[in-house]
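Notes to accompany the following structure.
The values are calculated or read from the model by the stated rules, or taken from the named source; none is laboratory data. Keep in mind it's a predicted model, so treat the numbers as computed, not measured. Because the Cβ atoms are built from the backbone with ideal geometry, glycine has one as well, and the counts that use them run over all protein chains shown.
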Ligand SMILES: Nc1nc2c(ncn2[C@@H]2O[C@H](COP(=O)(O)OP(=O)(O)OP(=O)(O)O)[C@@H](O)[C@H]2O)c(=O)[nH]1
Ligand SMILES: [Mg+2]
């Protein structure tokens, strides 16, 4: 059996989590149009007859890291890169930035071979520009392979899977057959709620909040769960609740619907909003909310 670990890294918003979900064929990691959506290492497993690949999705590596939460996120990337069989460096077609450069520098210092994924090719107006771009990118590092693809449409994903399996070592499976996600339902609940918040709220607010699953009872075909949305200030709490509770209701029903779709169970979800001042820069609070040492 082939079996290995692949870290998915890149700057924020290039489509790392979308790629993980597309590779394993299920939503494992939350996705939003805003940068810094992923905050933890998220594992997802691709099972094939020839073996398995364990992917580790990571937070987008960012250079401005003013708060303890940002430092936690960047450290999570470094942690994911130690002891992997391959690093997948994800960039966006037609767009190379200083932050991509910084990610590449980090990868060059590591020991793992690096495969380059040029994502979002479906967005390119000028397809003829892709070939010269790939040539330019290939000159920057001696990559194990370069695969242009679209995580959104699935275009050329099979080429990436072939490249990956051809580089996985032999070994026993790391996950039991059928298990696709590395995390539990508790984590799924808080992440789904956070995703809905990231998508619904304006620019700054998503970065000031975190979600903590408080209770979870999965018996038979019913899941009863409650979660707290923690914000940093009273005025943020008002926005998350919305007029007559409209925003909170909208977030709750979107998260509930998706959880029902994912699990096939009936879901009863209760949400609360609470204030914990400055939690994003408070190591004690971070620990409590699950941002543990990497
Ligand atoms: N058009 C297009 N959009 C994509 C593709 N892949 C991802 N996106 C979009 O890009 C945005 C960011 O996607 P994510 O998967 O959350 O990106 P990420 O790299 O995980 O972002 P962070 O977790 O914030 O670092 C979302 O709006 C996705 O729908 C793609 O192949 N084509
Ligand atoms: Mg992500």
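Mind counting the residues in the range 161-170 that are part of a loop (DSSP other than H, G, I, E, B), surrounded by fewer than 14 Cβ atoms within 10 Å (Cβ to Cβ) and in contact with a strand residue (DSSP E or B) (Cβ under 8 Å, 6 or more places away or on another chain)?
Going through the range 161-170 one residue at a time, the tally reaches 1.
Could you list, in sequence order, all residues of the range 146-160 that are outside any loop (DSSP other than H, G, I, E, B) and buried (at least 19 other Cβ atoms within 10 Å of the Cβ)?
Answer for the range 146-160, where residues must be outside any loop (DSSP other than H, G, I, E, B) and buried (at least 19 other Cβ atoms within 10 Å of the Cβ): 147, 148, 160.
Failed condition for residue 65, given (1) surrounded by 22 or more Cβ atoms within 10 Å (Cβ to Cβ); (2) without any contact (Cβ under 8 Å) to a residue 40 or more places away in the chain; (3) over 23 Å from residue 196 (Cα atoms), with all others met?
The one condition residue 65 does not meet is (1).
Just one of (1) within 16 Å of ligand 1 (Cβ to nearest atom); (2) at negative phi trips up residue 10, so point out which.
Looking at each condition in turn, residue 10 falls short on (2).
Condition check ((1) under 24 Å from residue 166 (Cα atoms); (2) in contact with a helix residue (DSSP H, G or I) (Cβ under 9 Å, 6 or more places away or on another chain)) across all residues:
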{"site": "113", "(1), (2)": "yes, no"}
{"site": "136", "(1), (2)": "no, no"}
{"site": "141", "(1), (2)": "yes, yes"}
{"site": "145", "(1), (2)": "yes, yes"}
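Every residue in the range 63-73 that is within 16 Å of ligand 2 (Cβ to nearest atom) and more than 19 Å from residue 20 (Cβ to Cβ), please.
Within the range 63-73, 69, 70, 72 meet the criteria.
Specify which of the listed residues (132, 113) is surrounded by 15 or more Cβ atoms within 10 Å (Cβ to Cβ), modelled with pLDDT of 95 or more and outside the structural domain of residue 213 (by TED's automatic domain parsing).
The match here is 113.
Could you identify the single residue in 3, 17, 78 that is over 19 Å from residue 291 (Cα atoms) and either touching a residue at least 12 places away in the same chain (Cβ under 8 Å) or assigned to a loop (DSSP other than H, G, I, E, B) (or both)?
Details: 17 fails: over 19 Å from residue 291 (Cα atoms); 78 fails: over 19 Å from residue 291 (Cα atoms).
Only one candidate passes the filter, namely 3.
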